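The structure appears right after this line, and notes come after that.
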Amino acid sequence: MASLAQYLPEGEGWLPRWQLFVASLAIANSIQNLFTVNITKRLYTKKPEEVTALQARMSTMWNFTSAIVRLHCAYNIHNKAIYNTTLWTYAIAFFHFSTELLFFRTAKLNGPVISPVIVSSECAMDPNKTSLIAECPDAGVSLLWMLSQYDFYVQ
């Protein structure tokens, strides 16, 4: 296990490790989208017929791109350009899932949709900036967390 620790991001606090975790999930989701649309259809349960192999492959490209950006952020958390770009990946994801839920009404608030909304929206950090606050009102983890910690990480 100690040999794996050498590959973890070295930045202070939990945010760099969170970026690595979320990037890993995005890579796994990218691979999944290349082979089947069944899991993606669980996101868009109100209109699963609109989920096609082409749409799933497009989702693959988005997930993989955002994963690469988030991986760079995990290991370069103090780089302003990378931090800002990573913030935008979460904002775009949050916008996408919000509009699918509220405007296009292709999704409903169920398990498969709650996860990306939580990941894209984010929790606040405690004052010592090293641990997550256990209670997160309504959605999330990434966007608000990054915004609240901007001055701590970006110098």
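Summary of values
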{"item": "Mean accessible surface per residue for region 71-112, computed with a 1.4 Å probe while every protein chain stays in place, in Å²", "result": "58 Å²"}
{"item": "Net charge contributed by nearby residues that have their C-beta within less than 13 Å of T106 (K/R +1, D/E -1)", "result": "+3"}
{"item": "Carbon plus sulfur fraction of accessible area for region 41-85, probe 1.4 Å, in percent", "result": "63 percent"}
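The values are calculated or read from the model by the stated rules, or taken from the named source; none is laboratory data. Since this is a predicted model, take the numbers as computed values, not measurements. Cβ atoms come from the backbone with ideal geometry, glycine included; neighbour counts cover every protein chain shown. Areas reflect the complete protein model, heavy atoms only, side chains present, ligands, DNA and RNA absent. Shrake-Rupley method; radii C 1.70, N 1.55, O 1.52, S 1.80 Å.
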